[in-house]
Amino acid sequence: MDRKELEILEEINQSLKQVSAHFETNELFSESEKLISKAENRVENSLNQIQNAFDRIHDKVFNFNNVLIGVYLVLGTFPDKAPILKIWTAIFPILNLIFLVFIDIRQMEIHRFASREMEWTAEDREEYGKRIRKQTNLSLLALMASISCLVYLIIALINKG
């Protein structure tokens, strides 16, 4: 082989190396994109699970509070002459029910805010985190208020009995 042929073969070899490197890079990018996509899907799934858990817990607190309202109303009117509870005490679980509705309205607003995530700025992301934390705290407060209504009911029943 003469020098010219060797140079052409060397150029072909270099081109093949570049093409090979390009393919390897594309494969790495493709694998990276798949991993990122999987991670994004896991994050999305986790966020949905958190919201579902919040909704389930909130529904249970709502139902529990509704039962408390019924119990307070029944015990506030039974027996006729000397009810076990004073009827006005039913205001406590009723106020808690109003608070729970307020929390649900706030949750709807949080969802509305989150639906515009593609337009968010860094400040919006921080605001979203604050809203979620505050919502969680309000929900815990509503749960504690329901438990307090139950404790009051139990104490009233023990003192009457």
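The values are calculated or read from the model by the stated rules, or taken from the named source; none is laboratory data. Since this is a predicted model, take the numbers as computed values, not measurements. All Cβ positions, glycine included, derive from the backbone under ideal geometry; neighbour counts span all protein chains shown. Heads up: the accessible areas ignore ligands, DNA and RNA and are worked out on the full protein's heavy atoms, side chains in. Shrake-Rupley method; radii C 1.70, N 1.55, O 1.52, S 1.80 Å.
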Worksheet item: If you go through the range 51-69 one residue at a time, do you hit one that is open to solvent by 100 Å² or more (accessible area, probe 1.4 Å), under 30 Å from I105 (Cβ atoms), modelled with pLDDT of 85 or more and not hydrophobic (A, V, I, L, M, F, W, C)?
Response: yes
Item to complete: Would you confirm whether any residue within the range 89-109 is in contact with a Gly (Cβ under 7 Å, 6 or more places away or on another chain) and either at negative phi or of a type in the set (A, V, I, L, M, F, W, C) (or both)?
Response: yes
Discussion item. Going by what's in this entry, would E126 be described as farther than 17 Å from V151 by Cβ, open to solvent by less than 90 Å² (accessible area, probe 1.4 Å), out of contact with any Leu (no Cβ under 8 Å at 6 or more places or on another chain) and free of Cβ contacts under 8 Å to residues at least 60 places away in the same chain?
Written reply: no
